[in-house]
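Each value in this text was obtained by applying a stated rule to the coordinates, not by laboratory testing. These numbers come from a predicted model, not from an experiment. Glycine also receives a Cβ, built like all others from the backbone with ideal geometry; neighbour counts cover every protein chain displayed.
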Amino acid sequence: MQIFELHFNPKLKEDQIFDSFVYEPESTYEKNLGSLYIVGELQNALPQNSKFLDNLAKIVKKNYYTFSIKSPEKAFSQCLKKANESLAEEVKKENVSWLGNLNFTVLSLNNLNLIFTKTGELKILLLRNKEIIDVGKNLDLREIEPYPLKIFLNVVSGKLLQDDRILVLTKEVFEFLFQQNLLAKIAEAENINSKKIKEILPMSLFTKDEGSKVSGICFLSVITAESKKTEKFQPILFQNKKKFSFPKIRFPFKLPKMIKRPKLPEIKLPRIKIPATGSIIEKFRPKTEIKKKLILIAVLILILVLGFLIFKKAGEIKEGGVKKSLSEIQEKVNQAENFLIFKDDEQANALLKEALEEISLLSEKETSLESDILSIKQSIEEKLIELNKLEMIENPELVNEPDPNLFSSPSSSVVDPPSFEFSFDISASYLSNLYFLDKETCEIIKYSSSGALNWGSAKKWMKDKGPCSNPKSMTVDGSVWILNGDNSILRYYSGSFEESIVLDFFPFLENITQIKTKADIPYLYLLEPVKNRVIVINKTGKIIKQFQSDKFDNLKDLDISLDGKTIYLLNDSRVYKIEM
C-alpha cells in the first residue's frame, strides 16, 4: 500500500489547523487490527485549541489498539466511543469553539477491509476503474446528538479491491481540484507515485498564483499488491526517495579439505562351480505357460495402476478448475457487496446475477466442494431477493365477494367484423376505444364509440409492427403495450413502434402471460403463473415490487384497481388481493 499526505499552505490562515496521522501496526497483535489513518481540520481555531487535533488523534489511536479487543470492528467502535466521551468532556469544560468547526475522519484498513466515519465537511472519495464515487456522502447530513454529546454517529464499512484509491480532502482542496479537473486525472493515472502526482498537480500550487491561496489536505491511499510504502508530502516539497544497496557478505572461514578413506582389505570368496546343464537349473526353470500368465498379470496390474493414476490426476485437475471458478465467483460477490455499500444497486444486481448463473452451472458438477457451492449460491440468492424487491406472502388475502367487473375484457361480439380477414385474439380498452390484436399478423384494429354502446367501423391502427412476434397480451393507457413472445414489452404510440423493454431481474423470467395498466398509473403489472408471482415495474422496466406465494398455484388472470394500489389475482376460482 502507498500513502501520500499532501499538505498545502498550512500557515496561510492563522485560525485554521489541519493535519493527517498515519498509524501502522507495530506488534503482532496490532497487525490483526490493521492500519489507522486520521485526517482532521479545525476552522476558526482559538489559540487554546492548537493541540486539539493531536490530542483527539492520540485518543483514537490509544483506544483502537487496546490489547483486549480482538477485531477491527470492535476496536473501531471502542475508539469512537472514547473520542465522543473526550469531546463531551471538552464541552463540560466550556470549550465549545470547536463545535461546528471540526472536520475529522477516521479510517481503519485491515487487508482489504475498510471501516470509516467522519464529521464535518471532509470529502471521502473512492477512485475505482477510473470512476469517482463519493463514499462519504451518506455521512454528510448527520446531525450531532447533544445529550449525551455524540460527534461520531455512523460508520461505513466495505471491501476494497486491488488498485482502489481512497482520497480524503478538506473542502477547499476538493473544490480546487474539482474545478481544475484534477480529480479525474488522479483517477485515470496509472502507477501512482511521487513523480506522477507532481506531474498532475499544477504549478500554480507552487507559485504566487491562485493555487497558492489554497490551504488544506489531500490524503491519498493506494491499494497495491506491493510491500507497504508510506510517503509523506510537506506543504510544497516532495521528499526524495533514498536508494539503499546491500553490502557484500564474506565468509570468515575456509571449507575443510576432503579426507581420503583408507582402502579396506580384499576378502576372497571360494568359487562354486555350477554345471552348465544339470538337474538344479532344470528344476527351477519356469514353464512357458506359467511365464505367459505372469506377464499377463503384470500387464493387467500396470494398466490398473496407470488408470488409477490418470483418473486421480483428472479428478485433481477438475477439482482445481472448480476451486478456481468458485474463487472467481466469490470475487464477483465481493465486488457486488462493495457496490451495495456505495449504494450502486444496479451494478451490484448485474454482478450478482452473473455470479448466480455461473455458480448454478458449477452446482451441476460432482465435486467435494458441493457444500461451499451451495452456501455461496444461497448467499447470492438472498442478496438478489432483497435487491429485486421480492416479497413472499404466506397467506394472501382472499376476496369473498369479488366485483363481477373484475377480469373482464372487451368482446368482439359487440362490434362489426372488419372488411378484411382478422382474428380477434387479444383485446383491451382505453377511454371510449376498443383495441383488438391478431396474434398471427400482429395487426391491431381500433373501434371508437359512437354512443349508446354503439361502435364505429374498424380502423387499422398499427402503422409500424416493429419487433412484434407471437404476442401474448396487450394493455392500453394512451400508449399500447404489447407483451411479446420473448417476454419483452413493446410500446406503440399513434400506431408507430416506439421502444422495446427487455426485462432482466431475479428470479429469472420464464413465461409471463399477461400485462395490465390503466390511465394515469405509472406502473405495468405482469403475471407469471409458472413462478407463482405478480411483478410490478415502472414504464422504463425498473423493478418496483414482486409478490410470490405458494397459494398462487394456478394463476389465470390479473386485474388492478383504478389507482393501481390494489392487485387482484384469479387463482382457479378464488380471487386474492394484494395491497401495494
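How far, in nm, would the chain grow between residue 565 and residue 93 when pulled straight, counting 0.36 nm per residue and subtracting the alpha carbon separation?
The residue 565-residue 93 span can extend by a further 164.3 nm.
Using Cα-only point scatterers and the Debye equation, what is log10 of I(q)/I(0) for the stretch 420-471 at each q in 0.17, 0.19, 0.28 Å⁻¹, rounded to two decimals?
So the normalised log intensities work out to -0.52, -0.63, -1.15.
What is the calculated FRET efficiency for residue 374 to residue 27, with r their C-beta to C-beta distance and R₀ = 51 Å, to the nearest 0.05?
For R0 = 51 Å, the calculated efficiency reads 0.80.
Hey, what do the phi angles of the stretch 475-486 turn into as Karplus ³J(HN,Hα) couplings, whole Hz, using 6.51/-1.76/1.60 and θ = phi - 60°, x for Gly and Pro?
Karplus values, whole Hz, x for Gly and Pro: 9, 9, 9, x, 8, 9, 10, 10, 7, 7, x, 8.
If you line up the Cα atoms of the stretch 409-552 on their principal axes, what length do they span on each, largest first, in Å?
45, 30, 25
Magnitude of the Cβ-charge dipole of the stretch 289-387, K/R +1 and D/E -1, about the Cα centre, nearest 20 debye?
1140
In nm, to one decimal, how far is the residue 493 label point from the residue 85 one, both placed 7 Å along Cα→Cβ?
With each label placed 7 Å out from Cα toward Cβ, I get 6.3 nm.
Give me the percent of DSSP beta bridges within the stretch 397-579 that run antiparallel, rounded to the nearest 5.
Percent antiparallel among DSSP bridges in the stretch 397-579 is about 100.
If R0 is 60 Å, what FRET efficiency do you get for residue 354 and residue 305 from their C-beta distance, rounded to 0.05?
Efficiency, rounded to the nearest 0.05: 0.90.
Scaled to the compact-protein estimate 2.2 N^0.38 Å, what is the alpha-carbon radius of gyration of the stretch 367-481, rounded to two decimal places?
1.69
May I ask you to compute the full-extension gain from residue 577 to residue 463, defined as 0.36 nm times their residue separation minus their alpha-carbon distance, rounded to one decimal in nm?
The residue 577-residue 463 span can extend by a further 37.3 nm.
Taking R0 as 60 Å, what FRET efficiency do you get between residue 427 and residue 334 from their Cβ-Cβ distance, rounded to the nearest 0.05?
It comes out at approximately 0.75.
Hey, what D do you get for the stretch 2-233 in µm²/s if you plug the Kirkwood alpha-carbon radius into Stokes-Einstein at 25 °C and 0.890 mPa s?
In µm²/s, the coefficient rounds to 134.
After finding the eigenvalues of the alpha carbon gyration tensor for the stretch 51-124, what semi-axes result from the square roots of 5 times each, listed largest first in whole Å?
After scaling each eigenvalue by five and taking roots: 23, 16, 9 Å.
Distance in nm between label sites at residue 520 and residue 538, each 7 Å beyond Cα in the beta-carbon direction?
Result: 2.0 nm between the two label points.
Taking H placed 1.01 Å from N in the peptide plane, check which residues at least 5 places from residue 514 or on another chain put their amide H under 5 Å from its amide H.
Long-range HN contacts for residue 514: 527.
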